[in-house]
1. Kindly express, to the nearest 10 degrees and within the range 0 to 90, the angle between helix A:210-228's C-alpha long axis and the longest C-alpha principal axis of chain A.
2. Between residue A:108 and residue A:370, 0.36 nm times their residue separation minus their Cα-Cα distance comes to what?
3. Considering only C-alpha atoms, what is the centroid distance from the stretch A:229-255 to the stretch A:168-224, in Å?
4. Taking the dipole about the Cα centre of the stretch A:244-391, with the C-beta of Lys and Arg at +1 and of Asp and Glu at -1, give me whichever of A:354, A:334, A:344 is farthest to the positive side.
5. Near residue A:49, within a Cβ-to-Cβ distance under 11 Å, what is the net charge of the other residues, with Lys and Arg +1 and Asp and Glu -1?
6. Averaging sequence separations of C-alpha pairs under 8 Å and six or more residues apart, then dividing by the length of the stretch A:1-142, give the relative contact order as a whole percent.
7. Just flag the GluC sites (Glu not before Pro) in chain B sitting in loop per DSSP whose Cβ has no more than 15 other Cβ atoms within 10 Å.
8. Residue by residue through the stretch A:290-305, which ³J(HN,Hα) values in whole Hz follow from phi under the Karplus form 6.51 cos²θ - 1.76 cosθ + 1.60 (θ = phi - 60°), with glycine and proline marked x?
Amino acid sequence: MIDTINDKTYEEKVERFDTAMRGGIPDRVPVFGTIMSWIYYYCGYTENDIIRDPMLNLECYLKVCRDFYFDMIFTITPPPVVTYKNLLGGGAFQSAGDTVQFDTTKIQCMEADEYKLLSKDFNGFMEKVILPRKFALFAEDYSEDKYNKLIKAQEEYNRLFGSLGSIIEKFTQESAMPNFIYPAGYWHPFDVIMDYLRNFDIMSDIRRRPDEVLEACDVILKFIYEAAGIEKRKPMKAKAFQIPMHAPIYLKPKDFERFYFPYLLNMIDFASQKGFMVECFFEGDYSHLYDYLQEIPKYKVVGMFEKDDIRLVKKKLGNTMGIIGGMNTYTLKHGKKQECLDMAKALIDDLAPGGGWIFCQDKMLSCCGEEVNADNFKAVTEFVHEYGVYK
Amino acid sequence: MEDKQKNDVILDRLIKEYMKITDEYGYKTAKASFFRMLLF
């Protein structure tokens, strides 16, 4: 439970964010902190330190939320579970010095002629085909040794994630800071195939075996719905299921229309029918797809934008969804403080009128501490909170 | 018990271990969530 002293602050932040994400006019422009692994380095730690001692996560999030003004943070999560995957003997995450890197060469683990096998029995396909290819331990014949190693690996996973619930509870009590994303992995089926099974070969698959790709997407969609547990959760204010969108920037509009958009609409509809909001993370530049995005049901989605012209986004999509983004991360890193403040002021002057906009830097801070200059970031977040008042 | 059945027992045990630290939405959801986690 949130303590009495901070109750009002917490509720104000939730109300402010919830109003803006649904296209309304809050009391102030909300400041959203999409802060991830960056916080460890800001606090003098590395990702590997957090993997060794997951409770350091609490210390880092508390410090960052004391030092910077936010109305909402993205989520609280440990770094990728690289030690767990190492015990399994595979996976795409690798330790690289003090950081954890994603090795894209490890994605490809499904052949083009296996779509029908996937669609026939997805769980069986995972168990018998994909897991043995991804992880050496799953490929071994049964033995007591294999059994013991798998249990040991799972215990490592539980060590990393077992403390997360208590960390979030303590963090919320002490900081009065809400966090945004339901931990649910609400992934688009086309992205599941591209990101984890076929890599960019899916782009030739949609030419050579389009119906098989669509059939596989149908099956994976059901799997994602089950894994997300939407039907068993209760909606909360100022929270959303995130769809991290990767493939559309590589798709022609007509291919987006056939292979991606119907599933995106289905996922939005499925969540909204149960009272949930969806956050679409438009990774990359989506300007070639605005005509489609305007067809999304109004204010069932809040869109987080990365490389688009945020003013054009507000103009084209502001009547369809709440908009998150705008602050150039490169400027926060390399610009002078006044340059950053001028940029933030111009964004507020241009985007705040009419509501439906949430201030945020345009990149998630998920790397090794070099993405932003902390002094600039602190000055900007405080400025937006003070200047971005609706009168 | 055949090795295939033993592997099924292992998977079942892993999912039950996984359920100890995930939201309690039942075995079917936990199994899907477990597979999704291993995709990543």
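Only the coordinates and a few stated rules stand behind these numbers; no lab work does. Just so we're clear, the structure is a prediction, and the values are computed from it rather than from any experiment. Using ideal geometry, Cβ is built from the backbone for each residue, glycine included, and neighbour counts are taken over all protein chains shown.
1. 70
2. On the way: separation 262, 0.36 × 262 = 94.32 nm, distance 3.03 nm.
In short, 91.3 nm is gained.
3. Here the two parts' Cα centres lie 8 Å apart.
4. Going by the charge dipole, the pick is A:354.
5. So the environment of residue A:49 carries a net charge of -3.
6. 19
7. Those that pass, being in a loop and sparsely packed, are B:2, B:24.
8. Karplus-based 3J(HN,Hα) across the stretch A:290-305 equals 4, 4, 6, 5, 5, 8, 5, x, 5, 6, 8, 10, 10, x, 9, 10 Hz.
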